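So the structure is just underneath, and the comments pick up after that.
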Amino acid sequence: MDVFLTENRGVLLAYDQGLEHGPTDFNEQNVDPSFIMDLAVRGKFNGVIFQKGVAEKYYDRKVPLILKVNGRTSLAGGEPLARQNCSVERAAEIGASAVGYTIYPGSAHENIMFEEFGRIQEQAHKLKMAAIAWVYPRGEAIKNDTSPEVIAYAARVGLELGADAVKIKYSGDVESFRRAVRCAGKAKVFMSGGPKTRSEADFLKQVRGVIDAGAAGVAVGRNVWQSSDPLKMARELRALVIERSSVQETLGC
Amino acid sequence: MDVFLTENRGVLLAYDQGLEHGPTDFNEQNVDPSFIMDLAVRGKFNGVIFQKGVAEKYYDRKVPLILKVNGRTSLAGGEPLARQNCSVERAAEIGASAVGYTIYPGSAHENIMFEEFGRIQEQAHKLKMAAIAWVYPRGEAIKNDTSPEVIAYAARVGLELGADAVKIKYSGDVESFRRAVRCAGKAKVFMSGGPKTRSEADFLKQVRGVIDAGAAGVAVGRNVWQSSDPLKMARELRALVIERSSVQETLGC
Amino acid sequence: MDVFLTENRGVLLAYDQGLEHGPTDFNEQNVDPSFIMDLAVRGKFNGVIFQKGVAEKYYDRKVPLILKVNGRTSLAGGEPLARQNCSVERAAEIGASAVGYTIYPGSAHENIMFEEFGRIQEQAHKLKMAAIAWVYPRGEAIKNDTSPEVIAYAARVGLELGADAVKIKYSGDVESFRRAVRCAGKAKVFMSGGPKTRSEADFLKQVRGVIDAGAAGVAVGRNVWQSSDPLKMARELRALVIERSSVQETLGC
Amino acid sequence: MDVFLTENRGVLLAYDQGLEHGPTDFNEQNVDPSFIMDLAVRGKFNGVIFQKGVAEKYYDRKVPLILKVNGRTSLAGGEPLARQNCSVERAAEIGASAVGYTIYPGSAHENIMFEEFGRIQEQAHKLKMAAIAWVYPRGEAIKNDTSPEVIAYAARVGLELGADAVKIKYSGDVESFRRAVRCAGKAKVFMSGGPKTRSEADFLKQVRGVIDAGAAGVAVGRNVWQSSDPLKMARELRALVIERSSVQETLGC
Amino acid sequence: MDVFLTENRGVLLAYDQGLEHGPTDFNEQNVDPSFIMDLAVRGKFNGVIFQKGVAEKYYDRKVPLILKVNGRTSLAGGEPLARQNCSVERAAEIGASAVGYTIYPGSAHENIMFEEFGRIQEQAHKLKMAAIAWVYPRGEAIKNDTSPEVIAYAARVGLELGADAVKIKYSGDVESFRRAVRCAGKAKVFMSGGPKTRSEADFLKQVRGVIDAGAAGVAVGRNVWQSSDPLKMARELRALVIERSSVQETLGC
């Protein structure tokens, strides 16, 4: 992990939405992975998150790469399951510093993802890459997937299964997110950016809350590249996460 | 890919319908793979698409081969799933320049096909073959499998999963197909020919729209070998796709 | 294939009914595989079809062996599926000239059998054995499994998947069976004998129709070993299939 | 097989009920595998049947061992399935002369067990062990699992799949069991002892029937170790099975 | 086993609840695995039970480690299934003396866990580690998962499948637990601590009953680390289990 963090914290640029949500998230500019690759470099992100196909065709090795090795579309119903679509060896060849893998605890198929992540984590460590778990409780049993209990459980699942870092949703307030960070122990916690918020200030307050809670940072996609000024947003995120500026300072900068 | 394209574009002759639809598509002439092999050569197609069995018994190496390594019949219901029926090694021995694999995003089994395509793509690249994804969203969640959103998503799935090229259906108009081509990024886009259209001119206009939209070409089967003059149709397709002639020029040629 | 055919045609003696139907098909004599092995030799069959267990305990290498490497009982309901129960390596050790494998297109599990047959076919060819596909469309979607369309589709599935020969049911008349033979292309076609017909003459007319349609022969079990004079039936089949005698000539011989 | 039979016949001591039925079958004495191991030696059984765990902790190599390599509890409902829980290599290390495997023809999962037994049989033979199939038709389609037709089918399944011996239930009378023995061909037949019968004489008559029918012997558990005098029962079984004494002689001995 | 037992008995500190139940079991202190690791050392436990992730980040090799290699969350419904999430090789590298694996007999998926445990047990023994089975009957067929019959069956399943030790729930009284211990034979029996009891004395009486019944010890989590004085509880457990003190003596110490 350390190779791509700054003082143990980081801002990651997520760009696997093309597979997970489809291109409805994209406009004419950000549909192009070159634009994102360029943004990652110029925005000084600590890492960029791609699926294999995008990485193979667009990754330029100027920013650390987190290669997402599973994924699913939003088209399928039923109990969620995403399987490995890129080998760990291939991720290493492409130059990844870490592999990312989504786990859906609560799904009827969680056992398959636990097993697969277990294997991937061991291979990644042998090849000197970190293993980051996206942990999103889902399935029939999950009524509210951002309740404090569910988010704390998600964080803990990542620790127990051996993730170097977990990517989880925000639990709504600093106090409960601090609990989640405690539950993750020595596994670093990144907040998942989620859909674009109504106001930029709202989003920055959330990010500040995440940092106050002791998390390592955020992995943001739409709130950056759907922003009217992505580079400004990138600077603000770095200010909040790396320099631990306040929201006021940040907005003033 | 480049070995079988002309100025980055191409017209591919598809002939895996015997497995996918059964012989109802065939007449006494085109039921014979020798006829198709001959047509592929004489029609100067950029590639011919066969399943393993047809390739082993009829492929003559005079035209590049795209070996389709999965498939299913139209006899089975339920959520669609087609698994690998030919090893990548065998495809290479037969002389294929690329392997083709159908993915059904939206199927309850999309996770299996994502995983399998992931493995096949990596093996193909090691053996210097391209990996082409047929991407057809299906399953209970898909109401209209040629809507612009669905087609754009299909194109993007191919890019994200590492396809060198995607074969998708036509979205109905140039504008929306251009969007799909943008979503596919550096993955080349081929339009899937589909069932024989009522008039030849209609089909050629569709093909022209595909090229106008920036796609790399078409993969056509029935509209060629069910045509009354397949070689004429082949010439017209080359004119439109490779030389970028207009429909008028083409029909006049 | 050629090692066990005579002028590209052949009469095969099928004896895997003990697994597929159970011993209800057997009387005190033909329940004994020794009786069948002896009949295969004395009846000059082009090959005999056994499951692994029968082959290991009774096969004497005096007649070519087609080793059936999957099978299921008639006891189970649901969508049909039969998996490999004998390795291809073991089939070779036992002395088989070919492996046989049943595929049920239309079954919800056809994808598993397509994949398994694909692997088996490649292994068999490496070990210089032929791969014969029993193709029987089944499952909820199949209303009539001997309709001309279904039989032609079955034949084609065998060709597309790489079978050296397909074993299919009779479609009811010469014309439609000729169509199925055309659909199989260079894959040889054997008619599956099916349950014992009421009169011997009826059965021989069917066989003659199969040969008139251009098929390579028949794979017969019950119509031979449930016959009152199996050796006479064997002679008649050879006359029809190998010597292409008419039914009249054959019955008169 | 021959290493543990006497003149091609044998009495096997079955003790895998702890897994299959749970300890309700046991009293304070026979719950202890040491008691059974001792009984197997002193009762001069031709073999003793253990699961891996019992064999590893109690087997003393003074009697041939049949290691049962799959099993299931009686706690689960649904279509029956038992998978391999001990490798064939491990069975050999423990000193087994044969591996045992239960197949449930008629189960929706019979295809999995056919495949698994196929692999196990080949491995066992390579390591010079016999492969014995417990064949118990089950599942929704089986109304009466000891009807003569079902038992004969079970015997035949064992032969077809390559078992050296089959363990089947009693069909109720000598005549129908003789038919099952005929169906098993060169595969030896052992009757499964089943639950303790009301009178000892009844059980011995059944065993005598099995021998009269031409079977190789019996595999008995509860009727021996739930008996008030297990060693006497062992002597009686040997008299009937090995020496082919009549029930009268046996009871008089 | 012997490396971490004292006179064949032991008190194990269980800490895999973070995965199995989620952090609702934790307070601010015991949520931190460092606190538990320290407690294990200072409390002189015979072993500590961690999932891979916790072991990799917190295990200090001062107390023997039992690495739990499967697990599931409490979020998912349906028939229970937990698959291997840590390789046996990795467990050895981390320094584990034993691997732990949960089996749910009675689940529709028991066959998968029987197979997986079978493989894991053999690998563990090759690497000189013990294999401990957590055996918890579950699923539709299980009405009361702590009835004497069910607990005795659980113990026996562990023995039959080759576990060196079984971890089972308490059956409610000494007599019935003694029966379970008898059923486990040479496999050691550990009582699963379960949720925190209302009074400490109640819990200690239960532990005493377990020892009276002949078991090897207990694996306790919540009743230790949710206690107001965990070290005192640890001393009391050692007194009862290792020194076989009475509850009175123990409470007086």
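The values are calculated or read from the model by the stated rules, or taken from the named source; none is laboratory data. Since the model is a prediction, treat every value here as computed from it, not as a measurement. Every residue, glycine as well, gets a Cβ built from its backbone with ideal geometry; the counts of neighbours run over all protein chains shown. Ligands, DNA and RNA are stripped out before the accessible areas are found, and what is left, the full protein with its side chains, is counted by its heavy atoms. Shrake-Rupley method; radii C 1.70, N 1.55, O 1.52, S 1.80 Å.
So the label point sits 7 Å from Cα along the Cα-to-Cβ vector; using that for D:S74, what distances do you get to the other copies, in nanometres, sorted shortest first?
3.3, 3.3, 5.3, 5.3
Taking 1 over the mean of 1/r across every pair of different Cα atoms in chain A, what Kirkwood radius in Å do you get?
17.9 Å
Separation between the A:S199 and E:L251 pseudo-spin-labels, each 7 Å from Cα along Cα→Cβ, expressed in nm?
6.2 nm
Count, for each residue of E:52-60, the Cβ atoms from other chains sitting within 10 Å of its Cβ, then give me the mean as a whole number.
Averaged over the peptide's residues, the number is 5.
Kindly state, as a whole number, the per residue volume in cubic angstrom of the convex hull around the alpha carbon atoms of the range C:162-235.
Cα-based convex hull of the range C:162-235, divided per residue, equals 85 Å³.
In vacuo Debye scattering of the range B:109-253, one point per C-alpha: log10 I(q)/I(0) at q = 0.09, 0.14, 0.15, 0.19 Å⁻¹?
Result of the Debye calculation: -0.29, -0.68, -0.77, -1.11.
Okay, which of the range B:134-152 sit inside 11 Å, backbone N to the point 7 Å along the Cα-Cβ direction of B:D173?
Counting only backbone N, you get B:148.
How big is the gap, in Å, between the Cα center of the range D:154-223 and the Cα center of the range C:125-152?
37 Å
For the range D:37-113, restrict the atom set to alpha-carbon positions and state the Rg and Dmax in Å.
Using the Cα atoms of the range D:37-113, the pair Rg, Dmax is 14.0, 42 Å.
At a Förster radius of 22 Å, what calculated FRET efficiency corresponds to the Cβ-Cβ distance of D:A141 and B:S74, to the nearest 0.05?
0.15
Lysines within cross-link reach of D:K126: Cα-Cα under 24 Å, excluding same-chain residues under 8 positions apart?
Partners found: C:K52, C:K57, C:K68, C:K126, C:K128, D:K52, D:K62, D:K68, D:K167, D:K186, D:K188, E:K126.
Taking all protein chains in place and a 1.4 Å probe, what share, in percent, of the accessible surface of chain D do carbon and sulfur account for?
46 percent
So which GluC sites (Glu not before Pro) in the range A:1-97 are both in a DSSP loop and have at most 16 other Cβ atoms within 10 Å of their Cβ?
Hits after loop and neighbour filter: A:E7, A:E28.
Can you pull the accessible area of E:S87 for me, 1.4 Å probe, Å² to the nearest 10?
Counting only protein heavy atoms, the figure is 30 Å².
Counting other Cβ atoms within 10 Å, keep those with at most 16, restrict to DSSP loop, and tell me which trypsin sites (Lys or Arg not before Pro) in the range A:93-151 are left.
When the trypsin sites (Lys or Arg not before Pro) of the range A:93-151 are filtered for loop state and at most 16 Cβ neighbours within 10 Å, A:K128, A:K143 remain.
Show that you can apply the helix-only estimate: for chain B, add -39,500 (n - 2.57) for every DSSP H stretch of four or more residues, divide by all residues, and state [θ] at 222 nm to the nearest 500.
The helix contribution divided over chain B gives -12000 deg cm²/dmol.
Got a sec? Which residues in the range C:47-69 would a label at C:K128 touch, if it sits 7 Å along Cα→Cβ and we count backbone N under 16 Å?
So the set is C:64-65.
Could you pull the Rg and Dmax for the protein assembly as shown, using just the Cα atoms, both in Å?
Cα only, the protein assembly as shown: 34.1, 107 Å (Rg, Dmax).
What is the mean projected area of the alpha carbon convex hull for the range C:140-183, to one decimal in square nanometres?
The number I arrive at for the range C:140-183 is 3.1 nm².
Are there DSSP H segments in chain D that both extend 27 Å or more along their axis (alpha-carbon positions) and score a mean Kyte-Doolittle hydropathy of at least -0.5? List them, or say none. Working shown, then result.
On the way: long enough: none.
Answer set is empty.
Which of the lysines could a cross-linker span from E:K232 if the Cα-Cα distance has to be under 19 Å and same-chain partners fewer than 8 positions apart are dropped?
Of all the lysines, those that pass the test against E:K232 - Cα under 19 Å, at least 8 places apart if same chain - are E:K44, E:K196, E:K205.
Do any GluC sites (Glu not before Pro) in the range B:137-198 lie in a loop, going by DSSP, with at most 12 other beta-carbon atoms within 10 Å of their beta carbon, and if so which?
none
Quick one: accessible area per residue over the protein assembly as shown, 1.4 Å probe, rounded to a whole number of Å²? Working shown, then result.
Details: 43150 Å² over 1265 residues.
Per residue, the protein assembly as shown has an accessible area of 34 Å².
Counting pairs of alpha carbon atoms under 8 Å apart in space and at least six apart in sequence, what relative contact order in percent does chain B give?
Across chain B, relative contact order equals 18 percent.
Take the Cα atoms of the range A:100-162, find their three principal axes, and give me the spread along each one in whole Å, biggest first.
So the three principal-axis extents are 38, 21, 15 Å.
Give me the Kirkwood hydrodynamic radius of the range D:11-159, using the inverse of the mean 1/r over all pairs of distinct Cα atoms, in Å to one decimal.
16.0 Å
Which chain D residue sits with its beta carbon nearest the axis carrying D onto E, and how many Å away is it, rounded to a whole number?
D:I112, 9
Keeping all protein chains in the complex and leaving out DNA, RNA and ligands, what accessible area do you get for B:T24 with a 1.4 Å probe, in Å² to the nearest 10?
Near enough 110 Å² of accessible area.
Please list the non-local residues whose amide H lies under 5 Å from the amide H of D:V48, H modeled 1.01 Å from N, same-chain partners needing a gap of 5 or more.
Residues meeting the criterion, in which the H sits 1.01 Å from N, are D:L13, D:L65, D:I66.
I need the fraction of alpha carbon pairs in the range B:3-86 separated by more than 20 Å, rounded to a whole percent. Please list the in-between numbers first.
Numbers: 1297 of 3486 pairs.
Of all Cα-Cα pairs in the range B:3-86, 37 percent lie more than 20 Å apart.
Just to confirm the numbers: C:P148, label point 7 angstrom along the Cα-Cβ line, distances to the other copies in nm, shortest first?
Shortest to longest, the spacings are 4.6, 4.6, 7.4, 7.5 nm.
Under a point-charge model restricted to the Cβ atoms of Lys and Arg (+1) and Asp and Glu (-1), what is the dipole moment magnitude of the protein assembly as shown relative to its Cα centre, in debye to the nearest 20?
Roughly 1240 debye, rounded to the nearest 20.
With a 1.4 Å probe and all protein chains kept in place, how much accessible area does B:I94 have, in Å² rounded to the nearest 10?
Here the residue's solvent-accessible area equals roughly 20 Å².
Using a label position 7 Å from Cα in the Cα→Cβ direction, what is the ascending list of nm distances from B:T197 to the same site in the other copies?
Its label point is 5.0, 5.0, 8.1, 8.1 nm from the equivalent points in the other copies.
Quantify how much of the Cα-Cα distance distribution of the range D:64-150 extends past 18 Å, in percent.
Across the range D:64-150, Cα pairs with separations above 18 Å total 44 percent.
Explain nothing, just the number: dipole magnitude of chain E about its Cα centre with +1 on each Lys and Arg Cβ and -1 on each Asp and Glu Cβ, in debye rounded to the nearest 20.
380 debye
Roughly what would the spin-label model give for C:L231 and A:L231, points 7 Å off Cα along C-beta, in nm?
The two pseudo-label positions are separated by 9.6 nm.
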